[in-house]
Amino acid sequence: MDLGIAGKRALVCASSKGLGKGSAMMLAANGVDLVLNARGFEALEATAEEIRSTHGVSVTTVAADITSEDGRAKVLDAAGTIDILVTNAGGPPPGLWSDWEREDFIKALDGNMLTPIALMKALLPGMIDRGWGRVVNITSGSVKAPIAVLGLSNSARAGLTGYVAGTARQVAGKGVIINNLLPGIHATDRAASLDQGVADREGISVADAKTMREKTIPAGRYGTAEEFGATCAFLCSQHAGFMVGQNILLDGGAINATL
Ligand code: NAP
């Protein structure tokens, strides 16, 4: 299927590795020019070079913390005109409900709620003026079913989800489509560090922790960044124009729900 987005320009945040990189790679495979961001310079440059040499698109890089005001200003300045925005950032650390103080919540809200909102606020007006735009927010399956140890993530992402539900309906008539993509467990560094957390808590090996978590997924395995990127690219495509404010879950069936 031709996604109809060749020649568009996308900003993919937090994209040197993992799900952001998978999304960037699949947009590039469909002819989209990219602005990539991450904090670490080396991995970001390596990813940019891999994408340029594989797909021949133009790739601009900005090494900055997307959750800081300065970092966002740097990214937006370099980005220029953007047709497609994929918001993403690292997830908050795990813990127990009684661990978290106000400052921990502020940090989580800044990273996983207020940062994507600030990016949409900056880029939606241009998309509306041009009559076409796509936004995909990478959130989490924890929006549909809470993950107890990720209470900071559950809280911040629920806030973003509420904002998107209203905003998506305000801009859809202008040709701008906003949806959220909710990963279940995918084989990335983030999943490996959560496996490590389970191993430490349960006193088992990391391999056993992974096997234990795989058994909770009807598909019997973790998802891949490539599968995730393909769904993200579809949501950024011409064909997604009637899909407004949805929360698309990619979790191998892990959340046991009819709807
Ligand atoms: P990952 O493999 O750890 O990759 C994270 C990427 O984001 C890296 O490129 C990292 O590069 C960049 N990054 C992190 N913090 C950043 C910041 N403040 N500013 C700019 N770039 C930043 O993580 P992932 O698995 O792809 O996860 C992506 C998101 O999906 C996270 O929010 C995670 O919580 C969520 N999620 C993941 C899973 C899963 O199973 N993988 C499941 C549910 C939800 P630098 O470190 O160099 O900045």
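The values are calculated or read from the model by the stated rules, or taken from the named source; none is laboratory data. Computed from a predicted structure; not experimentally measured. Neighbour counts are summed over all protein chains in view; Cβ atoms, including those assigned to glycine, are modelled from backbone coordinates with ideal geometry. Just the protein is used for accessible areas: all its heavy atoms, side chains included, with ligands, DNA and RNA removed. Shrake-Rupley method; radii C 1.70, N 1.55, O 1.52, S 1.80 Å.
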Next on the checklist: So if each residue of separation counts as 0.36 nm, and I subtract the Cα-Cα distance between Arg221 and Gln196, what length gain in nm does that give?
Outcome noted: 7.3 nm
Item to check | Furthest towards positive pole of dipole, Gly241, Gly159, Gln196, structure part the chain, Cβ charges | outcome: Gly241
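Suppose the chain between Ile128 and Phe105 were pulled fully straight at 0.36 nm per residue; how much longer would it get relative to their current alpha carbon spacing? Please report the intermediate quantities before stating the final value.
Working: separation 23, 0.36 × 23 = 8.28 nm, distance 3.23 nm.
Stretched fully, the Ile128-Phe105 segment lengthens by 5.1 nm.
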Next on the checklist: Quick check on my link table: of Lys121/Lys215; Lys8/Lys210; Lys17/Lys74; Lys8/Lys215; Lys21/Lys107, which ones sit more than 32 Å apart, alpha carbon to alpha carbon?
Outcome noted: Lys121/Lys215; Lys8/Lys210; Lys8/Lys215
Checklist entry - Given N residues in segment 174-259, what is Rg(Cα) / (2.2 N^0.38 Å)? => result 1.32
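What percent does the relative contact order of segment 108-259 come to when contacts are Cα pairs within less than 8 Å and at least six residues apart?
Details: 197 pairs, mean separation 44.9, N = 152.
Relative contact order, segment 108-259: 30 percent.
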Item to check | Per-residue SASA entry for Thr211, accessible area with 1.4 Å probe, Å² rounded to 10 | outcome: 60 Å²
Checklist outcome for this item: Sorted by accessible surface (1.4 Å probe, heavy atoms of the protein chains only), largest first, Arg130, Arg169, Arg157 come out as Arg169, Arg130, Arg157
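What's the longest uninterrupted piece of the chain once you rule out the chymotrypsin sites (Phe, Trp or Tyr not before Pro) that are loop residues per DSSP with at most 13 other Cβ within 10 Å? Intermediate results must be reported in sequence, preceding the final value.
Working: sites that count: Trp97, Phe242.
Of all site-free stretches, the longest is 98-241.
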Checklist outcome for this item: On the accessible surface of segment 72-130, probed at 1.4 Å with all protein chains in place, carbon and sulfur together account for a percent value of 58 percent
Next on the checklist: Can you compute the modelled spin-label distance between Ala43 and Ala158, with each label point 7 Å from Cα toward Cβ, in nm?
Outcome noted: 3.0 nm
Item to check | Per residue solvent-accessible surface (Å²) - the chain, probe of 1.4 Å | outcome: 46 Å²
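Using R₀ = 30 Å, calculate the FRET efficiency as 1/(1 + (r/R₀)^6) where r is the Cβ-Cβ separation of Val206 and Asn256; round to 0.05.
On the way: r = 26 Å, r/R0 = 0.86.
Working from the Cβ atoms, E equals 0.70.
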